[in-house]
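To start, the structure itself, in structure tokens.
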Amino acid sequence: MDTLIFIITAAIALIGAVAMVVARNAIHSALFLLLNFGAVAVLFLLLYSPFLFAIQLTVYAGAIMVLFLFVVMLLGAERIEDAPDQIAWQRPLGIGLGVVLMLVAMATALRASAFAPPPGGEALATFGDPAALAALLFTHYLLPFQITGIILLVAVIGVVVLNQRGRHRSEEAGREDARTRRREDARR
Amino acid sequence: MEPIQIPPVDLTLIAPLLTITAWAIVLLLVDAFLIPDERKKLTGYLALAGLAVTALVAVPLWNVDGSTFSDMVVLDRYSLTLTWLFLLIGGLTIAMALEYLPRHGIEQGEFYPLILFAVASMILLAQATDLIVIFLGIELLSLTLYILTGFAYPRVTSEEAGMKYLIMGAFAAGFFAYGIALIYGATGSTNLAAINAYLAAEPFVLSEQVLLLAGVGLLLITFGFKIALVPFHMWTPDVYEGAPTPVAAFMSVGTKAAALAVLLRILGSAFPLAYEFWLPVLSVLAAVTMLVGNLGALTQTNVKRMLAYSSISHAGYVLLGVIVATERGVEAFLFYMLAYALTNLGAFAVVIALEQRSESAWSLDDFSGLFQRQPFLAIAMAIFMFSLAGVPPTAGFIAKFYVFTAAYEGGLGWLALIGLLTSAIAVYFYLRVVLRMFTRDPGRPVEPAMDRGLHLNITLAAGLTLLIGLLPMPVVNLVERSLVALGL
Amino acid sequence: MDWIALLILIIQCFVIALGVTTAFAYLTLFERRLLARFQNRIGPNRAGPNGFLQPVADAVKLFFKEDVVPSAANRAVYLLAPAMAVIPAIIIWAVIPFGCLDIRGNWQACFEPQATTPLQNILQVAEINIGVLYLLAVTSIGVYGITLAGWASNNKYSMLGGIRSAAHLVSYELALACAVLAVVMTYGTFSTHQIVVAQAGLWGIVPQFLAFVIFMIAATAEVVRLPFDLVEAEQELVGGYNTEYGSMKFALFFMTEYIKLIAVSAIAVIFFMGGWRFPGLYTLGAGVENLAGPMAASIAVGLASLGAFLLKLVAFLFLSVWIRASWPRMRYDRLMDLGWKWLLPLALLNIVYTAVAFVLIPNETLASFVLLALGVLTLVIAMGINRVPKPVDNVTYVKDLKEMG
């Protein structure tokens, strides 16, 4: 049963990933990526990690992809431009190297050592349980957890800094305009 | 539900990191709510004060040793020396920016806290002993740099540089994360010491550790990008040219120093057994970097781009010190980073002094006859160029000497030879600048914008470059005492 | 999984899917009649007694309308969008406990935080340890239907509606999630059933009053109803994202909106109004057990809890119709201001309150009331600060003119 679900989900995930790369329309690409995310979320469920399942859906499908769609729609950039590809020669090269990489990866994977169970990888009974995860975040991974907070802070600062310039000024100017206009109106 | 017990942590071990991060956060608030728009320089001075306080906080830790946070960070003399180096870099950058930002109409108080965050992430990298912390440190550093690169937002080149750096950096981060995953799969840990312990526990056969090697390879790609090693260097000239000049100066020394420091720690404490794999790879990279960096710089007429290529080539030299993985190599690395930081920041400061608003020429012609107009700037620039070229009696000479001897003693004689040859090439384009300044007639009149901060900056950098060149022993003593327990 | 459990699961899914669609149909009638009352009209009363067959008539009409796909539309996405809208709205019901009916007659288990014997509650499809996260995940996916419909229609107005929806829903999701997080902190569990069980003494609205207010506002925005229906503002956008949709595909969007409304009302009941609990439920169970044995008690408790839940749900639906009848639509910039500058900071503040209160005050009841006081105080202060800006910048007052002479 589990194997069957795994095979179906994995196939969907792969199809989504490949279709995402191949699709000519950015919105279609986004949707295929969404399909891929959904399939990966189900894979997390199969691995008994419901928390990761929910987070995968909320963060990737629910937030990141929505913003992607938003930006693509706002810019009207869903179509690939018809202008000749400047780096057309890179395409066959990229595909060729990709195939080589895949062959190497497969050759590697077929060796026994790659399939050996990972050291120290026996899953805990509470694996994937939100409470256990929280405990881990606040004990073993306390420092990375805090650093992540700082990273997010910096990202927020960045968004504000890169956006407020100009806007700040024009708002001020607009208010000034309105004030003078009002004064002039009043005088008249 | 039983409450989570937070394990005891020793905060003194990360005191410098805490100080500077807290200072940055508070400064951000102070800047937003207390400092009026026309007096943003005050924020800069406060940031300088923060760096100074952090440097003082670090002093009593010289004899402290230990690790905390589940062994994710460590405090040793190696990290402490690097901390001071990073604080120096941050301080010089802020001093440069104090006048630069208002002159170019891009002054915003957030610039200074962002520099503090960048320095904090570099300190974190110097102390990190866990791949996850390293990853986060690199991300924090990169994120601040993306913002700072695009800081001159209305200028298209700045925007382009920010975008380019962001996209390339995002790819690099992806490689790093994947690398960590593979290494974890191979060894069951992300802790550097634990990885080494796992690998040492059983007879280590390189060809059996395919997963591990793939992971290490991916990590090396990321470091190649961050340090700007050839062939991962393509972004460097464009980004340095587009970024606000103080930011370019900061990137050219800060990022490299932090990334190399952490690379040294990873190679030394997690993968000493796999040196058969990474040594040839990095040797070739170093050789190619030295060659391409110097050859690329030859043809540049834009000073900023020339400095960018020169920074690539210097990354190649300093990589020699890292990969020989001997005590002398580490010493050479630290010494080289200090000398290079002083010299390069000084050179960028001179460029800033000559840079005009709304102009993106940075032409070599502006240096023609500089000696007649601004003897101080010309002499300082000459010192920096000599130091970059490695001409005695400057710090750059001692640094190169140090690195090449370390490489030779470590059995990498052929790399030292390539280093020597490429240094000879480099002399050409560094001296070209000097010759122009002293022998040509002035071209178009360029009004240099000298102020106290820049003046002090250039004097300090030039003075120290000469001083270290003449009296290297104190610094040598310092770096000799700041070795890591590298498992060498 | 044995086949009986599987059968029960399938029946549950069927009943819920059909139940919510029927509920949707009658909610439209409920709303139209009520709105008519609010506006001093009569409302639909022709089809059947008191208009009782009106939804059936509507459904039949929609089914038989011609199904048109605009020629310039992106066909695949255009057809996919209604399905992507309606599916999350239905699957969200999987973790909502309608009541507590243990089919093994073990009715006491409904009231135990740590049930000794596993509960077999047939009034909830899936009792999972991440129920609340599941709710958030599924609501966050609900954006796609609307956004994609707007894009695929290849119509400027639809597109604007779609873009608005993406920005709007993502903005309010944050405040919503933060409000819910405070509830989770209060009860220390992600399971919806456990949250209901934990509201034995005080209902969630007491400790989490601030969260309740934020939740209600954000949830109304999340289901794009008045006063937050900028996505389909008919004066500006014709019909918004669904302009190009007709027949049953339009009905699916309509359905989505109402099912989501019912769903968020149900969630509000679970988090803040004690879910299926009401005072005396346990006594009822004990009384019936004395009279007729545990199985009957279980059924009695189940039905009573189901009834209580539905009653509360209807009260919330009435409230939402009332809100719709009372408030005009917001301006778009005000909408964003409210979401980012007021609701989100307040929700974050509430999280801080909750954490501090429960750590510092060991007595939970006392902590709850302290939180209530803090919440009310914060709201009052916030409302004091948040004055609607005076339109001084673009209006010339008559009295100004007079003063100038």
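Here are some notes:
- Of the helices (runs of 4 or more DSSP H) that lie entirely inside the stretch B:227-300, those containing 2 or more residues that are surrounded by fewer than 24 Cβ atoms within 10 Å (Cβ to Cβ) span B:235-242, B:256-269, B:275-298.
- Counted residues, the stretch C:324-375 - those being of a type in the set (Ser, Thr, Tyr) and at pLDDT 85 or above: 3
- When residues of the stretch C:365-375 are limited to those that are out of contact with any helix residue (DSSP H, G or I) (no Cβ under 6 Å at 6 or more places or on another chain) and in contact (Cβ under 8 Å) with a residue 24 or more places away in the chain, the one farthest from C:Ile214 (Cα to Cα): C:Thr365
- Taking every residue in the stretch C:289-317 that is over 17 Å from C:Trp107 (Cα atoms) and pairing it with any residue that is among the acidic types (Asp, Glu) and modelled with pLDDT of 85 or more, at least 6 positions away or on another chain, the pairs with Cβ-Cβ distances below 9 Å are C:Leu317/C:Glu31.
- Selection within the stretch B:58-76: residues that are in a helix (DSSP H, G or I) and farther than 15 Å from B:Leu124 by Cα. The member of this set that is nearest to the other protein chains (Cβ to nearest Cβ) is B:Leu61.
- The stretch B:405-430 residues that are closer than 15 Å to B:Val288 by Cα, paired with ones that are assigned to a loop (DSSP other than H, G, I, E, B) (beta carbon under 8 Å, 6 or more apart): B:Ser423/B:Gly390; B:Ala426/B:Gly390
- One residue from C:Arg32, C:Arg75 being outside the structural domain of C:Val223 (by TED's automatic domain parsing), of a type in the set (Lys, Arg) and surrounded by fewer than 20 Cβ atoms within 10 Å (Cβ to Cβ): C:Arg32
- Of all residues in the stretch C:168-188, those satisfying the criterion of being over 21 Å from A:Val59 (Cβ atoms) and crowded, with 20+ Cβ neighbours inside 10 Å are C:Thr186, C:Tyr187.
- Residue within the stretch B:52-63 that is within 30 Å of B:Ala353 (Cα to Cα), buried (at least 24 other Cβ atoms within 10 Å of the Cβ) and either in contact with a helix residue (DSSP H, G or I) (Cβ under 8 Å, 6 or more places away or on another chain) or modelled with pLDDT under 90 (or both) present: yes
- B:Pro280 fulfils the conditions (1) touching a residue at least 60 places away in the same chain (Cβ under 8 Å); (2) more than 24 Å from B:Leu471 (Cα to Cα) except for a single criterion, (1).
- Taking the criterion of being assigned to a loop (DSSP other than H, G, I, E, B) and facing chain A (nearest Cβ under 8 Å), the residues of the stretch C:123-155 that qualify are C:Ile128, C:Asn129, C:Ile130.
- For the stretch B:124-178, a residue qualifies if it is among the aromatic types (Phe, Trp, Tyr) and outside any helix (DSSP H, G or I), and the qualifying residues are B:Phe151, B:Tyr153.
- Scanning the stretch B:21-34 for residues that are within 11 Å of chain A (Cβ to nearest Cβ) and under 28 Å from the mean Cα position of the chain (by Cα) yields B:Thr21, B:Ala22, B:Ala24, B:Ile25, B:Leu28, B:Asp31.
- Residue check for C:Leu291: assigned by TED's automatic domain parsing to the domain that holds C:Glu236 and closer than 28 Å to C:Met185 by Cα: no
- Residue within the stretch A:17-31 that is in contact (Cβ under 8 Å) with a residue 40 or more places away in the chain, more than 8 Å from chain C (Cβ to nearest Cβ), more than 20 Å from C:Ala137 (Cα to Cα) and not hydrophobic (A, V, I, L, M, F, W, C) present: yes
- When the stretch B:1-20 is limited to residues that are assigned to a helix (DSSP H, G or I) and within 13 Å of chain A (Cβ to nearest Cβ), the one that is surrounded by the fewest Cβ atoms within 10 Å (Cβ to Cβ) turns out to be B:Leu11.
- Among the residues of the stretch C:58-98, the ones that are away from every other protein chain (no Cβ under 14 Å) and under 23 Å from C:Ser140 (Cβ atoms) come to 7 in all.
- Residue check for B:Ala177: more than 10 Å from chain A (Cβ to nearest Cβ) and among the aliphatic types (A, V, I, L, M): yes
- Hits in the stretch A:1-16 (condition: more than 23 Å from C:Leu80 (Cα to Cα), more than 11 Å from chain C (Cβ to nearest Cβ) and either in contact with a Gly (Cβ under 9 Å, 6 or more places away or on another chain) or outside any helix (DSSP H, G or I) (or both)): none
- Residues satisfying the stated conditions in the stretch B:77-123, i.e. over 15 Å from the mean Cα position of the chain (by Cα), within 14 Å of another protein chain (Cβ to nearest Cβ) and aromatic (Phe, Trp, Tyr): B:Phe111, B:Tyr112
- One residue stands out in the stretch C:257-288 among those that are among the aromatic types (Phe, Trp, Tyr) and either outside the structural domain of C:Val231 (by TED's automatic domain parsing) or part of a helix (DSSP H, G or I) (or both): the one that is modelled with the lowest pLDDT, namely C:Tyr282.
- Condition met for B:Gly137 (more than 12 Å from chain A (Cβ to nearest Cβ) and within 27 Å of the chain's Cα centre (by Cα)): no
- Residues located in the stretch C:328-337, provided they are under 11 Å from C:Phe228 (Cα atoms) and in a helix (DSSP H, G or I): C:Tyr332, C:Arg334, C:Leu335, C:Met336
- Tally of residues being buried (at least 21 other Cβ atoms within 10 Å of the Cβ) and either among the acidic types (Asp, Glu) or on the phi > 0 side of the Ramachandran plot (or both) across the stretch B:400-429: 0
- Across the stretch C:156-167, the number of residues qualifying as crowded, with 24+ Cβ neighbours inside 10 Å and more than 9 Å from chain A (Cβ to nearest Cβ) comes to 4.
- Residues of the stretch C:274-316 satisfying the condition of being small (Gly, Ala, Ser) and within 25 Å of C:Val206 (Cα to Cα): C:Gly274, C:Gly275, C:Gly280, C:Ala304, C:Ser305, C:Gly307, C:Ala308, C:Ala315
- Only a single item in (1) within 24 Å of B:Ile132 (Cα to Cα); (2) surrounded by fewer than 18 Cβ atoms within 10 Å (Cβ to Cβ) is not met by B:Leu75, and it is number (2).
The values are calculated or read from the model by the stated rules, or taken from the named source; none is laboratory data. Bear in mind the structure is a predicted one, so any value in this text is a computation, not a measurement. Every residue, glycine among them, receives a Cβ derived from its backbone with ideal geometry; neighbour counts consider all protein chains shown.
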